[in-house]
Amino acid sequence: MSGTTTDDEARVVRPGRIAVIDGNMAAAWGAKLSRPTVLAAYPITPQTPLVEYLSTFVADGELDADMVEVESEHSALSVLQGASLAGARTFTGTSSQGLALMYEPYIRTSTLRLPIVMAIVTREVISPQSVWGGQQDAITVRDAGWIQIYVEDNQEILDSIIMAYKIAEHPDILLPVNICYDGHYLSHVADRVEIPAQEDVDRFLSPYSPSHIKLDPRTPMSVDPLTPGDILMEYRYKHVRAQARAKRVIEEVDEEFGRIFGRPYGGLLERYRLDDASLALITLGSTSGTAKVAVDAARNRGVDIGLIKLRALRPFPREELFEALHGKAAIGIVDRNVCFGWMTGVVYAEVCAALRLLPDQPPLIDFVAGLGGADITFKHYERAISLLQQAASGRTVAEVTWLGIDFEPGEEP
Amino acid sequence: MLHMKEIRLHGRGGQGTVLASQILVSAAVREGKYGNAIPFFGFERRGAPLAAFVRFDEKRIREKTQIYTPDCVVVMDPTLVHASNVFDGLQEGGAVVLNDRKMPEEAKLPTTVGRLGVVDATGIALEVLGTPITNTPMLGAFVATTSWIGLEALLSALQEMMRGKQADANARAALLGYERTRVLDMQPGRAEAHLL
């Protein structure tokens, strides 16, 4: 359970039903249990089964929602904007080029402050053509004003979608939320998942009842009029403040969910064997599990290493990272994406910025890995941990290592 | 106490290899275990070689990677033994489950194999299902060879994941696969130590 223990004694609710389902089905269940009333999605690998599962739930009468058939991702999110403005709870999902096509309504969704929940089934972006995992799609749109949470396994997909509505619709927040789960490495992986009972989810998550904005023919209002810069600046300022408040709300919702269902995830980030560690790894998404196994193995060899599983990329937990990493001797970041202008990964660049005021700057090393569905293996982590140990002992180590290709940066063919 | 087992299934597109991997996980979970199945992410074409990666354990499984050093290799299609490196990384004393009409020559097996299970899964599939889809007889052969999950759990998982007549026929194919598998300990002593 992502490094947390499930203690039946601590639960408020009885255990749910155990099922073996893939990540897309876990997302469909998370949505279904949250009782959305309007859905719209356009199929794209590896999200396609999610659309099929949701359509089946609606067709079988198990989910009382309108499933709107659309001709593109742009339309899918535009439909949900109208539905959300009219007071509906909504859900969709997409991947890669679908997200790219969706970008225009995507940024308008957050700036309209609509609490839409959307899965991003992360997939490499093209070219070259690839349908496999990679987080470049979601990470590229990180600055469009949404909250983005990345998850480790199928159970966390289901649980996080339920939590996402509570975060998005919180009156202090009113922002859309992406639950980002790795294409193929979660979307198509069959795993054991506990499905909570509907009545327990209903107690945790109240129906959506918007108060600030609602399309209603009886009381007409204008939405999104031409806005001069001084007022637009005020909108942006308030949007940024909502992102700042979301840090507290993400933590509170996770704490409440953990108390009721027995599965806390750490809120903004999970610390794994970190507090007494001198070395730290930072991971995002499904590779976090493999990283934890590698951390355990290194601990057994006497290496004092721990891990931060970053859950929230937006809002970025700057202060929390600073606090958690204070005093570490070396820090390694695993990036399943590329930050083209920095020649590193994105998370590395952001962690560097967050830690700029740490005294005695520890070495920070980036590991770019797992692009386009490439496997991030246990051996990759052994190599990463060995490089971290070298850096901590004062040896000069390259700023970026690309795990899985055989040449050193600067020596490429 | 079962220590984590890693199983690599090799098949060709259309033989039900990915479904077989999901049935195995479902069977393990029925027995109160944890399990997950990762399909190899290649091109989905009928006849193309593909693999699926299954893990069982008594506790939650964190790894989300492919399997490079399997405890067991299951080969759904007899031609794959010659076409790709299906035995790569097999653990010392590990298990191999093959679809073949006759026992293979020892020279063609990996030196690390501890226990061998062989069954004519294509013959059973043609006899029971009328089509050479070998996944369910091979699941029966897997249980006969390793005993890592019980036959009862396998059959009930299979019934849950298939429907109607198809489920019944496949349960029969799995049962025949179980009954007709010839199991041979290649390195007595070592195999028991590893396979338990």
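The values are calculated or read from the model by the stated rules, or taken from the named source; none is laboratory data. Bear in mind the structure is a predicted one, so any value in this text is a computation, not a measurement. Here the Cβ positions follow ideal geometry from the backbone for every residue, glycine too, while neighbour counts run over all protein chains shown. Ligands, DNA and RNA are stripped out before the accessible areas are found, and what is left, the full protein with its side chains, is counted by its heavy atoms. Shrake-Rupley method; radii C 1.70, N 1.55, O 1.52, S 1.80 Å.
In the range B:42-65, of all residues being in contact with a Gly (Cβ under 7 Å, 6 or more places away or on another chain) and either open to solvent by 20 Å² or more (accessible area, probe 1.4 Å) or touching a residue at least 60 places away in the same chain (Cβ under 8 Å) (or both), the one that is nearest to the other protein chains (Cβ to nearest Cβ) corresponds to B:R62.
Let's see how each residue does on (1) assigned to a loop (DSSP other than H, G, I, E, B); (2) within 28 Å of A:I107 (Cβ to Cβ); (3) open to solvent by less than 10 Å² (accessible area, probe 1.4 Å):
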| site | (1), (2), (3) |
| --- | --- |
| A:I149 | no, yes, yes |
| A:A164 | no, yes, yes |
| A:I167 | no, yes, yes |
| A:I173 | yes, yes, yes |
| A:I179 | no, yes, yes |
| A:V193 | no, no, yes |
| A:P217 | yes, yes, no |
| A:S222 | yes, yes, no |
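Cβ separations smaller than 8 Å between residues 6+ apart or across chains give the following pairs from the range A:22-46 residues that are assigned to a loop (DSSP other than H, G, I, E, B) to residues that are among the aromatic types (F, W, Y): A:S34/A:F91; A:S34/A:Y165; A:P36/A:F91; A:P46/A:W132. Got at least one residue in the range A:327-341 being within 14 Å of another protein chain (Cβ to nearest Cβ) and farther than 22 Å from A:D143 by Cα? Among the residues of the range A:327-341, not one is within 14 Å of another protein chain (Cβ to nearest Cβ) and farther than 22 Å from A:D143 by Cα, which makes the answer no. Any residue that is in a loop (DSSP other than H, G, I, E, B) and touching a strand residue (DSSP E or B) at 6+ places or on another chain (Cβ under 6 Å) - is there at least one of those in the range A:307-322? Looking for residues that are in a loop (DSSP other than H, G, I, E, B) and touching a strand residue (DSSP E or B) at 6+ places or on another chain (Cβ under 6 Å), one finds at least one in the range A:307-322, hence yes. Restricting attention to the range A:195-215, the residues being open to solvent by 90 Å² or more (accessible area, probe 1.4 Å) and outside any loop (DSSP other than H, G, I, E, B) number 2.
Summed over the range A:117-147, the residues that are buried (at least 23 other Cβ atoms within 10 Å of the Cβ) and free of Cβ contacts under 8 Å to residues at least 40 places away in the same chain give a count of 0. Does A:S278 meet the test of being out of contact with any strand residue (DSSP E or B) (no Cβ under 7 Å at 6 or more places or on another chain), hydroxyl-bearing (S, T, Y), more than 25 Å from B:G35 (Cβ to Cβ) and not assigned by TED's automatic domain parsing to the domain that holds A:R203? Here the answer is yes, as A:S278 does meet what is asked.
To keep it simple, each residue is scored yes or no on (1) surrounded by fewer than 24 Cβ atoms within 10 Å (Cβ to Cβ); (2) within 14 Å of chain B (Cβ to nearest Cβ); (3) under 18 Å from the mean Cα position of the chain (by Cα); (4) at pLDDT 95 or above.
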site	(1), (2), (3), (4)
A:A10	yes, no, no, no
A:D22	no, yes, yes, yes
A:P43	yes, no, no, yes
A:P46	no, yes, yes, yes
A:S75	yes, no, no, yes
A:A83	yes, no, no, yes
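If the condition is being away from chain B (no Cβ under 11 Å), touching a strand residue (DSSP E or B) at 6+ places or on another chain (Cβ under 8 Å) and not in a loop (DSSP other than H, G, I, E, B), then the range A:284-306 contributes A:A298, A:R299, A:I305, A:G306. Checking each residue in the range B:21-36 for being among the β-branched types (V, I, T) and either at the interface with another protein chain (Cβ under 8 Å from one of its Cβ atoms) or farther than 19 Å from B:N170 by Cβ (or both) picks out B:V25, B:V29.
Quick grid of which residues meet (1) in a helix (DSSP H, G or I); (2) in contact (Cβ under 8 Å) with a residue 12 or more places away in the chain; (3) closer than 19 Å to A:S278 by Cβ:
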{"residue": "A:N337", "(1), (2), (3)": "no, yes, no"}
{"residue": "A:V351", "(1), (2), (3)": "yes, yes, yes"}
{"residue": "A:P362", "(1), (2), (3)": "no, yes, yes"}
{"residue": "A:I376", "(1), (2), (3)": "no, yes, no"}
{"residue": "A:K379", "(1), (2), (3)": "yes, no, no"}
{"residue": "A:A391", "(1), (2), (3)": "yes, yes, yes"}
{"residue": "A:G394", "(1), (2), (3)": "no, no, yes"}
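Of the residues B:V86, B:V73, B:V18, the single one that is among the aliphatic types (A, V, I, L, M), in a loop (DSSP other than H, G, I, E, B) and either closer than 18 Å to B:L154 by Cα or away from chain A (no Cβ under 14 Å) (or both) is B:V86.
Listed here are the residues, each with its yes/no results for (1) surrounded by fewer than 19 Cβ atoms within 10 Å (Cβ to Cβ); (2) farther than 18 Å from A:A280 by Cα.
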| site | (1), (2) |
| --- | --- |
| A:L325 | no, no |
| A:R336 | no, no |
| A:G341 | yes, yes |
| A:V347 | no, no |
| A:V351 | no, no |
| A:L357 | yes, no |
| A:L364 | no, no |
| A:H380 | no, no |
| A:S393 | yes, no |
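Restricting B:A121, B:A144, B:A125, B:A169 to those that are among the aliphatic types (A, V, I, L, M) and closer than 19 Å to B:A52 by Cα reduces the list to B:A121. When A:S160 is tested against (1) out of contact with any Leu (no Cβ under 8 Å at 6 or more places or on another chain); (2) within 14 Å of another protein chain (Cβ to nearest Cβ); (3) of a type outside the set (A, V, I, L, M), just one condition goes unmet, and that condition is (2).
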